[in-house]
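Since every read-out is calculated from the coordinates, none of them should be taken as a lab result. Computed from a predicted model, the values in this text were never measured in an experiment. Cβ atoms come from the backbone with ideal geometry, glycine included; neighbour counts cover every protein chain shown.
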Amino acid sequence: MNASWSRNAFVYLLILVAAAALFLNIYGPTEKPQTKSLSEVASLIGKGEVERIDVQEEELRVVIRGSEQPYISRKEEGIPLTRTLQGLGVEQAKLANVKINVLPPSSSGNWFALILNMLPLLLIAGLFLFLFRQSQSGNNQALSFGKSKARMFTGDRPTITFDDVAGSDEAKQELQEVVEFLKEPQKFVALGARIPKGVLLVGPPGTGKTLMAKAVSGEAGVPFFSISGSEFVEMFVGVGASRVRDLFEQARRNSPCIIFVDEIDAVGRYRGTGMGGSHDEREQTLNQILVEMDGFGTDTNVILIAATNRPDILDPALLRPGRFDRRVTMDRPDLSGRRAILDVHVKGKPLAPDVDLDLIARQTPGFVGADIENLVNESAILAARRNRRSITMADMEESIERISMGGPERRSRLMSSKEREIVAYHEAGHAIVVHLVKNADPLRKVTIVPRGTALGLTLYVPEADRMLYPRSYFIDRVACALGGRVAEELVFGDITNGASGDIKQITQIVRSMVTRYGMSDKMGPLQFGRQNENVFLGREISEQRDYSEEVAEQVDDEVRRIVHEAYERVRGLLGAHRDQLDAIAKALLERETLLVDEFVAIFDGTISPDDLPDPLAPAPA
Ligand code: ADP
Ligand code: MG
Ligand code: ZN
């Protein structure tokens, strides 16, 4: 212990000295004195400006009256300075006013400068040599970082409470018990209650797991020790396990308290699979966590909270009773949850009267808390850049699109006019079908301003988060997605690759209708293929085929039939509304974006595209 401490101190000292030397080298006096030729010096003497000249071998330091900064000059070797100056026309009387000091030749100065320059290099080389010998000495804990970092676990006391975590009421309820236990452990122990040891917070990124863990410790008023799973795996072998030991030791000394392990899946994957290099390290760390958890008696009032978005890959040993046996789910917030989170984040920010937070919440299904925080922040930035005093609805809606599509908007002027026209008809086609069908989500707006990889966007969002979708919804949804492609074909007699995103969506919807929802009359209420789906990532991990080649053909036929039927239907719809298609496309080319009211007015013919207000008029302040 002592030896390793002094070794560490030595290393730190070396690093410090090297840093200081580097700093001096870079930031030390760097102003180079100006050089002058001898004839310039002569004329300065003639004007009586020179006070003193220091001569060291051939080098001259010419000190000017009333100036701090001397000039540097050189004289010829072997010729006295005064003779040279007289040769340059300096009068004897003027020269007498200048004090000339002849200094002894220096050899040490150069050497000193050289060493000063080399010092950082030497020190760094020394450090490397030291490290090299250390790691060769067979000591697993290279640098003993694992130990020294222990001092960095300080349990801070978060001021966050449950009020700062909006929505998530169920999770709060479940965690209330943990809070009560941490506040008054004796009460529970006296009754012989088995105390929860580990709580696993499960949910997609940005749903507020870290925030919730802090809120628990804030509510209970106990210290909060946190570490991230990926930190365990960093750097040197053997460090992970020792960090776990240190962490638990610190926590024990500060109980009651909370240990929060973020991203526990980084260390807590199934053991004994894969052949990764850091595999052993991970296993040792995980084992150490398990050992420490088991070592907790009922008298240690420490509760572990871990967070992950991949509960499916965790080692079962972690989830056994007495370990992380409580699971609290932090799901994506629903409509009311998003509304509540908006409230938390707009607090203290000036909102224009036109801002309708209900509508914003409706427009952001799928957003997690972190997205909403980001949305409010982006809106504030937009408003500031436009020199507004408050955040307007337009700022917020633009931020929604930025966040959901990624990347700031590229001006559509960068597209060729032909491409713009195609995109305008494509989006107009989507929008008209969305408007005409009864069972899909209502139209919000349509735009041909490119965002991220999409060239345009027709926004239609549900009135509320839905759990149940009827077959008619899917049928209409497919029609909406086909609107763009059909419009292109109808107007230009040719089709583009711009519809590939739509087509992917259509394929997914129709395949699911046939193989998973049992919505095809021909195939009946049967599921084809067993899907292992990860609920939280919403991603299909694998599909196992459990049907014959013949059935596979039937499924494909049925999928094709549904899409074909929808295609014919959309062709009929758009063909019957060709005039409106032209009008909407024209309006889009002029205005780039149409809100639903403007769209309906043009569609119904109550306003002509030419009568719309000028989109470039300055926004009201
Ligand atoms: P996670 O740990 O699940 O990835 P975080 O706790 O780091 O998510 O959340 C990131 C940020 O998002 C938080 O700091 C907070 O500002 C915001 N946030 C997330 N969920 C909520 C919520 N339910 N209420 C308020 N803010 C939230
Ligand atoms: Mg987090
Ligand atoms: Zn499209």
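Structure notes:
- Contour excess over end-to-end distance, with Cα ends at Glu68 and Leu468 and 0.36 nm allotted per residue: 135.6 nm
- Peptides ranked, highest mean first, by Cβ atoms within 10 Å: ranges 55-65, 220-230: 220-230, 55-65
- Rounded to the nearest 0.05, the FRET efficiency derived from the C-beta distance between Arg530 and Leu357 at R0 = 45 Å is 0.60.
- Dipole-positive endmost among Ile562, Met519, Ala481 within the range 417-611 (Cβ charges, Cα centre): Met519
- In the range 151-329, taking the dipole from charged Cβ atoms about the Cα centre, the farthest positive-side position among Gly268, Thr159, Gly295 is held by Gly295.
- By the beta-carbon count within 10 Å of each Cβ, the least crowded to most crowded order of Val41, Val179, Val461, fewest first, is Val461, Val179, Val41.
- In the structure shown, the pairs Lys183/Lys349; Lys214/Lys347; Lys197/Lys347; Lys209/Lys504; Lys47/Lys99; Lys438/Lys504 are assessed against 25 Å; a Cα-Cα span above that value is assigned to Lys183/Lys349; Lys197/Lys347; Lys209/Lys504.
- Global form of the range 151-329, assessed from the alpha-carbon gyration tensor, a/c cut-off 1.5: prolate
- Relative packing of 181-193, 160-172, 557-569, 205-217, which averages over residues the other C-beta atoms within 10 Å, highest first: 205-217, 160-172, 557-569, 181-193
- Gyration tensor (alpha-carbon) shape descriptor, the range 335-404, a/c threshold 1.5: prolate
- Ranked packing of 489-498, 319-328, most packed first, by mean Cβ within 10 Å: 319-328, 489-498
- If only the Cβ of Lys and Arg carry +1 and only the Cβ of Asp and Glu carry -1, the dipole of the range 315-390 around its Cα centre is close to 220 debye.
- If you sort the three axes of the alpha carbon gyration tensor as a ≥ b ≥ c, you get a/c of 1.5 or more for the range 417-611 and a/b above b/c, which makes it prolate.
- Our summary gives the range 335-404 a relative contact order of 39 percent, counting only alpha carbon pairs under 8 angstrom and 6 or more residues apart.
- Taken about its Cα centre, the range 47-93 carries a charge dipole of roughly 160 debye when the Cβ of each Lys and Arg holds +1 and the Cβ of each Asp and Glu holds -1.
- Segment Ile607..Glu76, full-extension length gain: 182.0 nm, with 0.36 nm per residue of separation and the alpha-carbon distance subtracted.
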